[in-house]
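Here is the structure we will look at, set down as structure tokens.
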Amino acid sequence: PVAAGRAAQAYSTAAGLQPEASWAPWARGQAGYNYSRAMKFFDAVYQYEAAIALDPGNDDRVLWDVGSGLAMVESGRDDEGVVRLVNTLGGLPENSDGLRFTARRAVAHTLWKDGEVSRAARVADLLLSESPDLARHARLDERWGRIYLDAGRPSAAEAFFLRMEEEAPKKVDRERARWWLHEVALAQRDPVDARRWLREIDQKTPASTLRPMAKIRELVLEA
């Protein structure tokens, strides 16, 4: 478990040495999973696709499809990855809440990255309503906040950035939250609150790389 890359190599080597073995497709799937863990996404896609080609009717096929789709997204093949994930989601077993959430989260992020912010926000709505325990994890606050902000829904974004500003363990995350709260205030046409968050950056984190930008924004707003 602590050496995902070596595990992936072992599984792929075993399958390569005995390609006719009944367990070879499973080994390819395990190789794909471990290559993804090792962040070697091109290799992960290759192994997942090899597993599917060897045994397209395997009970694990849906897991391989999701794994391949996620690895495609991570390797820059956004369109292919999203299509694979969307086509696969309906076939996931009922007890696959975590996997379904991970796949939909990747779809939301890819839509947002590609500029389809309204669709991304609708996927975020679905995740937050269907899987609140998973979707409301603190590490996702910035992602949901930025999706909602870009989709023209600053009120929805504000709650995520406020929690991030108050509770994020890393100082740099709290700095970023203040900047996004400033952007939320601008979107809500509240220049007073926008200036307040800029001053928070200036006063609380004077060494921040955001401080020069905040000072310029403050001068513009005051003018």
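Among the listed residues A8, A71, A51, which satisfies the condition of being touching a Lys or Arg at 6+ places or on another chain (Cβ under 9 Å) and modelled with pLDDT under 95?
Step by step, each of A8, A71, A51 is checked, and only A71 is touching a Lys or Arg at 6+ places or on another chain (Cβ under 9 Å) and modelled with pLDDT under 95.
Residues in region 23-43: is at least one aromatic (F, W, Y) and open to solvent by less than 30 Å² (accessible area, probe 1.4 Å)? Talk me through it step by step, then tell me what you get.
Start the filter on region 23-43 by keeping residues that are aromatic (F, W, Y), which leaves 23, 26, 33, 35, 41-42.
Now narrow it down to the ones that are open to solvent by less than 30 Å² (accessible area, probe 1.4 Å): 35.
The answer is yes, given that some residue of region 23-43 is aromatic (F, W, Y) and open to solvent by less than 30 Å² (accessible area, probe 1.4 Å).
Among the candidates V62, V66, V82, V45, which residue alone is in a helix (DSSP H, G or I) and touching a Gly at 6+ places or on another chain (Cβ under 6 Å)? If you could, list the steps in order and put the result at the bottom.
Details: V66 fails: touching a Gly at 6+ places or on another chain (Cβ under 6 Å); V82 fails: touching a Gly at 6+ places or on another chain (Cβ under 6 Å); V45 fails: touching a Gly at 6+ places or on another chain (Cβ under 6 Å).
Result: V62 is the single residue among V62, V66, V82, V45 that is in a helix (DSSP H, G or I) and touching a Gly at 6+ places or on another chain (Cβ under 6 Å).
Under 7 Å between Cβ atoms, at least 6 apart or on separate chains: pull out the pairs that start in region 3-15 with a residue that is within 20 Å of L54 (Cα to Cα) and end on any residue that is assigned to a helix (DSSP H, G or I) and of a type in the set (F, W, Y).
A8/Y35
Can you tell me which residues in region 201-219 are closer than 15 Å to H182 by Cα, open to solvent by 100 Å² or more (accessible area, probe 1.4 Å) and either in contact (Cβ under 8 Å) with a residue 12 or more places away in the chain or in a loop (DSSP other than H, G, I, E, B) (or both)?
Of everything in region 201-219, just one residue is closer than 15 Å to H182 by Cα, open to solvent by 100 Å² or more (accessible area, probe 1.4 Å) and either in contact (Cβ under 8 Å) with a residue 12 or more places away in the chain or in a loop (DSSP other than H, G, I, E, B) (or both), namely K204.
Can you tell me which of L140, L128 is under 12 Å from the mean Cα position of the chain (by Cα) and either open to solvent by 80 Å² or more (accessible area, probe 1.4 Å) or closer than 23 Å to S155 by Cβ (or both)?
L140
Could you list all residues from region 106-155 that are part of a helix (DSSP H, G or I), free of Cβ contacts under 8 Å to residues at least 12 places away in the same chain and farther than 22 Å from N87 by Cα?
P132, D133, R139
The values are calculated or read from the model by the stated rules, or taken from the named source; none is laboratory data. Values in this document were obtained by computation on a predicted structure and should not be read as measured data. We place every Cβ from the backbone using ideal geometry, glycine too, and count neighbours over all the protein chains shown. Just so you know, the surface numbers come from the protein's heavy atoms only, side chains and all, with ligands and any DNA or RNA stripped out. Shrake-Rupley method; radii C 1.70, N 1.55, O 1.52, S 1.80 Å.
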